[in-house]
1. Quote the convex hull volume per residue of region 409-484, based on C-alpha atoms, as a whole number of Å³.
2. Among the DSSP beta bridges whose two residues both lie in region 275-335, what percent are antiparallel, rounded to the nearest 5?
3. What FRET efficiency comes out for the pair residue 435/residue 310, r = Cβ-Cβ distance, R0 = 41 Å, nearest 0.05?
4. Quick one: work out the % antiparallel among DSSP beta bridges in the chain, nearest 5.
5. Label points 7 Å out from Cα along the Cβ direction at residue 227 and residue 381: separation in nm?
6. Under the definition of Cα pairs under 8 Å and six or more residues apart, what whole-number percent is the relative contact order of the chain?
7. How much length is gained on full extension from residue 410 to residue 360, taking 0.36 nm per residue of separation minus their Cα-Cα distance?
8. Please identify which residues in region 119-146 have an amide N closer than 15 Å to a label point set 7 Å out from the Cα of residue 69, following the Cα→Cβ vector.
C-alpha cells in the first residue's frame, strides 16, 4: 500500500532538519536617545533669520511715498506707472478751493517719506479752483478805468470776463463804453457767467472810422452805423443755430480797429436756424410733432390716408436731406390703417362702389369685383346681401347682390297657376293671384270676339319658363297676361 504521507511527514520530530524546527520570537526594545536641545535652538534661529530675510526681500514696503501736494493728477499718474502701483487703490476727491489753481493736489492720505507697497490705498484731495457758482458783486464799471477792471478780474479769478477795446468818439480812453452779460444778469453774476467789457481807446485817428462790435446785434444797426460813417457794407447770409435771424454772426474787421471812409465792411448775417430734414417715413405722429416743436418747424399733420401701419407717417412734403429754413412748412400724411368697410347690407352696389372709389383716392388701392347674385327672402332685388367686411390696403372687395325672393308658386282659393291659360279666369282673379305670391303682373288688352270681356286669354312668365303650381319663380319675374277687351257694339 503506498505511503500517502507528506514528504516532511516521513520524518519524526527528532529526525527533522533543524532549519525546519519552529522558532520562538522575542521582541527587542531600543533605548531612547536624549533630545539635543542645542541643535533645536540652532534650527529655530536659522528659520527666524530666513523669515526676516524673506520679509525684507519679498514683503516689506520698499516704495517711498512722494509729496504730491501742489502737484497735479498727471504727476501722480506718472509715479503710479513708474513704480507699478495698483491704480485701483488711487482715489481723487475734487473740491473747490479759491487759493489753489484747478487741478492742483491739496492733500494726500499717506504722508511723504513713508514706505508703501504696490497695493497701497491713497486718497488725494484735488482742487477745482474757485467756485464758479459763487456770487460776485459787480462794481460800478463805468466809474472804473481799464487797469482797475483788470485788477478786479484778477482778484476774483473771473476767467470768463473779457476786456475788449475800440475807438469811440464820445468816451475817453481807458473808460468803459458798455458791457454785457451772457448766462446771467448783473444782480446774479457768478464766475460761470460771461461778461464782456468794451473799453474805449479814445477817438479814432483823423480820416479813420472805428469799427464797433456788431456781433449778435441786429443788421439794421450795422446799416445805420455804416450810413452815418460813410462805410460800404457787404452782407453775407448764412444759417446759424446760435444766432437769431437778421442778427450779425461775424464781421470782417474786429471791433476797435479802424478803416477808412469809403472802405467795405463785410458782415455775416444769420438766416436763422437751419435743420436737415430727416426721413420721417414710419415715424409716429407724436414723434413728428416732437421733432417739429423742437426745431421750430410749423406742422400740418391733419391729412390721413389708408396704409397698413396705423398712426405712422407715410408721406412728407419736405424731402429727406433738404435744408429746412426758418418759415418752411411741413405737411405730413398719417396712416389711418387698413380700410374699415362700413356695413352696406341692404344698400345698393352703387353705394358700395362710391365708397371704394373715395377710399382709393385716399390710397386704399382696393379692387371691387363685379357682384354675384343670389336669392334672398330678406333683401329686395338689387340690395346687397353680403360683402367683404375686413380688407387690407390693396385688397379685394367681393359683394353678393339680391335677386329678390325665389317664390314657390302657390294657388289661392279660387285661382290655380296651372289653369291661367284656360280662359276661365278674370283679370281681377289673376291680379289677386300675383299679389298673393308677391309677383308683378303686367296686363295687355286685346280684342277677341270669341271670349267675353275681362277674361284672361293667356299668361306667361317674363323669363320664358312654364307657369306651374309648386315651382319656383324669382320675384323679379313679371307675369305677363293678355286680357280680352272687345269694343262695344254700335247701337
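All of the numbers you see were taken from the coordinates with simple rules; none came from a lab. Because the structure is predicted, anything quoted here is derived from the model rather than measured. No Cβ is skipped: glycine too gets one built from the backbone with ideal geometry, and neighbour counts run over all protein chains shown.
1. Numbers: hull volume 5.8 nm³, N = 76.
Enclosed volume per residue, from the Cα hull, is 76 Å³.
2. Numbers: 6 of 11 bridges.
The antiparallel proportion sits near 55 percent.
3. Details: r = 53 Å, r/R0 = 1.30.
Plugging the Cβ-Cβ distance into 1/(1 + (r/R0)^6) gives 0.15.
4. Details: 41 of 77 bridges.
Rounded to the nearest five, the antiparallel share is 55 percent.
5. According to this spin-label approximation, the distance is 8.7 nm.
6. Numbers: 936 pairs, mean separation 33.3, N = 491.
Relative contact order, the chain: 7 percent.
7. Details: separation 50, 0.36 × 50 = 18.00 nm, distance 4.78 nm.
Going from the current span to full extension adds 13.2 nm.
8. 123-127, by backbone N distance to the label point.
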